[in-house]
Amino acid sequence: MNTVRDTIRDAWKSRRVWWFTATARTRARFARTMLGSFWLGFSNLLSIGTLAAVYGTVFKVSDFRHYVVYLGISLVIWNSLSASISSAPNLLEHNTNHLKNTNLNPFFYVLEEWSFHLQTFFQSFFLVILVLSFVKGQIVINLLTLGWLPLFNLLVFMLWLPMVVCLLGARYRDLYQLVPIVLQLVFLLSPILYYRESLGRFGWSADWNPIYQIIGPMREAMMHGHLELHKVLAMLFVNLVGMVVALKLLQRERPYLPFLI
Amino acid sequence: MIQKSFITSPELSGVQAVKAHYLLVRGNLKGFRPFLEEVVSFSGLGDFIHLPVKGYSEGMAARLLFSVLTGFQHECLALDEGFGAGDSQFQGRAQERMREFIDGAGTLIMASHSDELLRQFCQRGLVFDQGRIVCDADLGTALDFYHEHRA
């Protein structure tokens with residue numbers, strides 16, 4: 001029986017493989033397109049521009065430039081987070097053939113999917129940040145000086161939460177139906193399109209919203225050069241616990257996976 | 001090495017599937033080009049190696065997988081009778097490679113219902129019934145047991 005340490009060691013040894021297969025998937029996705037992976041950033045910019053114009057008007061924002069940057073950073077992070085979580089419930093199902101016919105640890109496919117989402121995220125994120133830096137140049141410097149710890153939290157969160165969801169999704173099929181609904185609700189309940197202050201007496205809901213606790217500190221660091229250290233460290237702790245729980249769950253579920261999918 | 005499928009998505013090409021497997025075994029791409037050429041030549045896929053695996057026939061996929069798996073010297077290799085796919089020329093090449101593999105002190109575990117194939121490559125036989133080993137003996141005894149209890 002493999003231990004968590006063995007799983008991590010094997011994952012490290014095969015790091016070039018899952019990174020390569022994820023890169024190849026990204027390339028295959030944009031094969032024969034003129035703009036290639038530029039589409040990733042471009043589609044984000046398009047939604048940021050449209051949503052900023054509509055909701056900036058609906059909410060009658062006083063500082064439109066500030067709102068565009070606020071919405072842009074939030075949305076590009078949200079899009080990557082929600083894409084990685086929404087693809088998780090049927091991740092193992094998509095890899096049925098591999099899981100039943102090879103002796104690779106299923107963690108390999110979780111890592112491959114994670115790499116795929118990381119590559120998508122970074123390609124969109126850098127283009128969006130580049131464009132937003134014309135509106136507020138400070139965000140690039142803030143990202144480099146203060147944003148790396150919240151960014152690390154985001155990347156780890158994008159690994160363990162989808163991993164838990166995919167393992168539970170293999171056993172409890174209701175998650176296939178539930179995850180899109182929950183994601184939609186979380187999006188509407190998170191201060192992404194609107195400012196946190198707009199929640200009024202429901203402001204506490206943002207404090208207990210783990211996805212907002214990933215987006216909020218990163219946005220705060222980038223926009224205002226302020227690192228909410230207690231929140232970032234608390235999230236780092238949650239991430240470490242989440243990672244251990246996810247790996248333990250994988251160890252427990254691994255023998256049953258071929259029969260569940 | 002127990003593998004009955006590629007580790008890559010079927011959307012990816014044969015070259016990418018081979019590359020992923022090469023990286024998995026070797027950890028780097030040193031010597032990959034000659035390895036790929038050898039795999040393409042052995043499997044007889046030619047330019048089809050550049051097409052997505054999802055477009056391959058079962059025979060093409062089996063030929064490629066066999067060529068990749070036996071292109072390395074593994075300590076232990078588990079195969080089923082699927083490697084018999086393909087034309088008679090490929091089957092001849094495949095059988096020759098299997099002998100080379102066994103001569104190279106590799107342990108081969110083969111799952112098959114073909115007595116002929118098993119007699120060619122195996123000395124020991126295991127008979128399974130509903131996931132349990134019901135006979136573990138020399139091949140002749142195991143085959144006799146299998147045929148007696150098949151009904």
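The values are calculated or read from the model by the stated rules, or taken from the named source; none is laboratory data. All of these numbers come straight from a predicted model, not from anything done at the bench. Here Cβ is always computed from backbone atoms with ideal geometry, including for glycine, and neighbour counts include all displayed protein chains.
When the range B:16-40 is examined, which residues are found to be buried (at least 18 other Cβ atoms within 10 Å of the Cβ) and either closer than 17 Å to A:T23 by Cβ or of a type in the set (D, E, K, R) (or both)? Reasoning before the result, please.
As a first pass, look at the range B:16-40 and keep what is buried (at least 18 other Cβ atoms within 10 Å of the Cβ): B:16-24, B:35-36, B:39-40.
Listed by number, the residues that qualify are B:Q16, B:A17, B:V18, B:K19, B:A20, B:H21, B:Y22, B:L23, B:L24.
In the condition set (1) part of a helix (DSSP H, G or I); (2) at pLDDT below 95, A:I192 is compliant with all but (1). The single residue among A:P162, A:P258 that is assigned to a helix (DSSP H, G or I) and in contact with a Ser or Thr (Cβ under 6 Å, 6 or more places away or on another chain) turns out to be A:P162.
Mind telling me which of the residues A:S124, A:S115 ends up being buried (at least 18 other Cβ atoms within 10 Å of the Cβ), among the polar types (S, T, N, Q), under 17 Å from the mean Cα position of the chain (by Cα) and closer than 18 Å to A:I214 by Cα?
Numbers: A:S115 fails: closer than 18 Å to A:I214 by Cα.
Step by step, each of A:S124, A:S115 is checked, and only A:S124 is buried (at least 18 other Cβ atoms within 10 Å of the Cβ), among the polar types (S, T, N, Q), under 17 Å from the mean Cα position of the chain (by Cα) and closer than 18 Å to A:I214 by Cα.
Of all residues in the range B:87-101, none are assigned to a loop (DSSP other than H, G, I, E, B), farther than 22 Å from A:H98 by Cα, touching a Leu at 6+ places or on another chain (Cβ under 9 Å) and more than 14 Å from chain A (Cβ to nearest Cβ).
If I filter the range B:141-151 for residues that are of a type in the set (K, R) and surrounded by 11 or more Cβ atoms within 10 Å (Cβ to Cβ), do I get at least one hit? Within the range B:141-151, none of the residues are of a type in the set (K, R) and surrounded by 11 or more Cβ atoms within 10 Å (Cβ to Cβ).
Name the one entry in B:K30, B:K4, B:K19 that is more than 28 Å from A:R32 (Cα to Cα), within 13 Å of chain A (Cβ to nearest Cβ) and modelled with pLDDT of 90 or more.
From the options B:K30, B:K4, B:K19, the qualifying one is B:K30.
Of the residues making up the range A:7-40, those that are in contact with a helix residue (DSSP H, G or I) (Cβ under 9 Å, 6 or more places away or on another chain), within 14 Å of chain B (Cβ to nearest Cβ) and either among the β-branched types (V, I, T) or in a loop (DSSP other than H, G, I, E, B) (or both) are A:S14, A:V17, A:T21, A:T23, A:T26, A:F30.
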